[in-house]
Amino acid sequence: MANPVNNNKPRYNPWLLYAGIIFIIFAISMTSNGGSFSDGKAIALSKFYELLDKGEVEKVVFNNSTAKIYLTEDALKSTDHQKNNKPTLFSSMSDNPQYTVDIANKDLFETRLSQANAEGKLKMFTPEKESNWGGILLSLLPIILIPVVWIFLMRRMTGGGGAGGGGQIFSIGKSKAKLFDEKSDLRVTFNDVAGLEGAKEEIQEIVEFLKNPEKYTSIGGKIPKGALLVGPPGTGKTLLAKAVAGEAKVPFFSLSGSDFVEMFVGVGASRVRDLFKQAKEKSPAIIFIDEIDAIGRARGKSNFSGSNDERENTLNQLLTEMDGFGTNTNVIVLAATNRAEILDKALMRAGRFDRQIYVDLPDVNERKQIFEVHLKKIKKVDDLDIDFLAKQTPGFSGADIANVCNEAALTAARKGKKEVDKQDFLDAVDRIVGGLEKKNKIITPEEKYAIAIHEAGHATVSWLTEHAAPLVKVTIVPRGMSLGAAWYLPEERQIVRTEQMLDEMCATMGGRAAEKVVFNKISTGALSDLEKVNKQARAMVTVYGLNDNLGNITYYDSSGQSEYNFSKPYSEETAKLIDKEISGLIEGQYERAINILTENKDKLIQLADLLCEKEVIFREDLEDVFGKRSFDKEQTVEEKTENDTEVV
């Protein structure tokens, strides 16, 4: 009968042996004659001769360059000597030399010692022995440590390293994916994802693939191998993935694209193999790779000195693993990126990422739903108008709205309120868009009036042009980098016509035009305005084809992989024509703004004076100065609000 295996037998750990050897070498070297820690305090040769003449030296051990000085027992009782010499861990104070001295001439030094010995002032002096085991072992210490450290690193890399397998945690070639399942504390569900109805529908179908695959395979369908979430930052791509992890009730592996990147060659490909191996073992399962563009960038692009071999090897392994599944492995790959145009085409083909789910910025109804989700945790007033908040935040992503809610709560708390009201949300939007308010910024009265004229120019032109964005308020209170601002509420259009873009450009140039009309001078305050209109005009000419001379042509490349990487995709003559068109558009709207402000100069100055007095004016103040807009006479404000709601 075989002897039973004793599972309780202690496991041999070689690291204790290594540590013991190093400790012994260290102890020997420190207590030997060659150890630097056992040497005494260095003194001058004249100081040594002074001690020698006093008869305080008992023994001297010397070589060609240095001498070690041992004092008598009576001398050691002196306070000065005790202060300079303390016992070590392994020896008493009398066992070690109390002082060391450098020898300039060995023969003269030895003659002086012989004379002191003859006079009875020195008991013993002797040359130092050549053998120094402590020094030899100390010199061998690095040679011993190098292979020990190397073995340690190799064991960590291969997953070994002592009892309990703790080295696997630091294993370089292993996947860094976090595993979530029904036992994890992840509680995000689809109910926590507001808006994004189309994206949620497709994501929910992927979860259904894994929960009930026979429903689709029984009629010949194949489960998709991958889905790519594409959209601007903050729109909820990662949140959707968290909802999948909370709803799927299957193992969910989550990691970032940068987790595959490592300084060691071949580690990225190794981690990809290990990730898919784990997923197959736990299938049905979902793998989520956030920011996949870290490894999925198009191969051979944007590299001046050759491609990045390690990143490309990682991408090649990912392509192989995704295409190497059987159709019944029940492993689906989700990925997210906001830069889909730079991804490799092989990664985007059918059979790898079969579906591309676009996660767009929320519209007004979706923003309302997102506000309702984030407002659940905030103490707010009962009559808070969520529809108003949704309309006040066009272009905001889900992350931006979450930030608005948090900032509004902080603003209310800063003011000592117990509940968050409408004004707190407006202040939060101003804080996020414009920056921190700086009421204590030093501005001269002349500068303040110039800023008021500039901002009043924006407000006047936008009020008197049909297609400019509706004005909300104008302020000359400095915020962030700006000295003043005009706040608009742009309409949420799906397409933009030429006259709409021209009206917006005209309103943007209204600030500089007002300075020209009132002061007959211009300033540097229109820098951001010029930057904005330059981008708009260039987009009209080179992207959208909204011009007369160039015609229906665009130089925009939506793939991001244009063959014209280092040169313009047009001739020099066309470049001159483009510059002329852009300049003509900007100057035309600038002259138009000057004409509008010249005809309404008195009202412009009246509005600027009101702005200097109040510092912040609203739409109602513009109605008092200009009257109601002629473009809005066909319907009342209540009717317009009702119609806007119906359209949305």
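The values are calculated or read from the model by the stated rules, or taken from the named source; none is laboratory data. For clarity, every value in this text was computed on a predicted model and none was experimentally measured. All Cβ positions, glycine included, derive from the backbone under ideal geometry; neighbour counts span all protein chains shown. Note: areas computed on protein heavy atoms with side chains; ligands, DNA, RNA excluded. Shrake-Rupley method; radii C 1.70, N 1.55, O 1.52, S 1.80 Å.
The condition (being under 26 Å from residue 626 (Cα atoms), free of Cβ contacts under 8 Å to residues at least 40 places away in the same chain and open to solvent by 30 Å² or more (accessible area, probe 1.4 Å)) is satisfied by just one residue among 446, 466: 446.
Of all the listed residues (413, 402), the sole one being surrounded by 14 or more Cβ atoms within 10 Å (Cβ to Cβ) and farther than 30 Å from residue 225 by Cβ is 402.
For the stretch 385-494, please list each of the helices (runs of 4 or more DSSP H) lying entirely inside it that holds at least 1 residues being over 29 Å from residue 522 (Cα atoms). Qualifying helices (runs of 4 or more DSSP H): 386-391, 398-414, 422-434.
Quick test of your reading of the structure: residue 334 fulfils all but one of (1) modelled with pLDDT under 85; (2) out of contact with any Lys or Arg (no Cβ under 7 Å at 6 or more places or on another chain); (3) not acidic (Asp, Glu). Name the failing condition by number. Unmet for residue 334, out of (1) modelled with pLDDT under 85; (2) out of contact with any Lys or Arg (no Cβ under 7 Å at 6 or more places or on another chain); (3) not acidic (Asp, Glu): (1). Residues of the stretch 38-80 that are of a type in the set (A, V, I, L, M, F, W, C) and not in a strand (DSSP E or B): 44, 45, 48, 51, 52, 75, 76.
Checking each residue in the stretch 240-257 for being hydrophobic (A, V, I, L, M, F, W, C) and in contact with a helix residue (DSSP H, G or I) (Cβ under 7 Å, 6 or more places away or on another chain) picks out 240, 243, 244, 248, 250, 252, 253.
Rundown of residues vs (1) in contact with a helix residue (DSSP H, G or I) (Cβ under 7 Å, 6 or more places away or on another chain); (2) open to solvent by less than 20 Å² (accessible area, probe 1.4 Å), yes/no style:
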position: 382; (1), (2): no, no
position: 396; (1), (2): yes, no
position: 408; (1), (2): yes, yes
position: 428; (1), (2): yes, yes
position: 434; (1), (2): no, no
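For the structure I just gave you, tell me whether residue 367 is among the basic types (Lys, Arg) and assigned to a helix (DSSP H, G or I). Spelling it out, residue 367 is indeed among the basic types (Lys, Arg) and assigned to a helix (DSSP H, G or I). When residue 480 is tested against (1) surrounded by 15 or more Cβ atoms within 10 Å (Cβ to Cβ); (2) at pLDDT below 85, just one condition goes unmet, and that condition is (1). Could you list, in sequence order, the residues of the stretch 330-375 that are open to solvent by 40 Å² or more (accessible area, probe 1.4 Å) and farther than 25 Å from residue 208 by Cβ? Across the stretch 330-375, the qualifying residues are 338, 339, 341, 345, 361, 363, 365, 368, 372, 374. Scanning the stretch 253-264 turns up no residue that is closer than 13 Å to residue 332 by Cβ, open to solvent by 60 Å² or more (accessible area, probe 1.4 Å) and either more than 29 Å from the chain's Cα centre (by Cα) or not charged (D, E, K, R) (or both). One residue alone among 557, 602, 579 is over 20 Å from residue 510 (Cα atoms) and at pLDDT 90 or above, and that residue is 579. Are any residues in the stretch 73-88 modelled with pLDDT of 65 or more and open to solvent by 30 Å² or more (accessible area, probe 1.4 Å), and if so, which ones? The answer is 73, 74, 77, 78, 79, 80, 82. Every condition in (1) modelled with pLDDT under 75; (2) within 15 Å of residue 50 (Cα to Cα); (3) not in a helix (DSSP H, G or I) holds for residue 91 except the one numbered (2).
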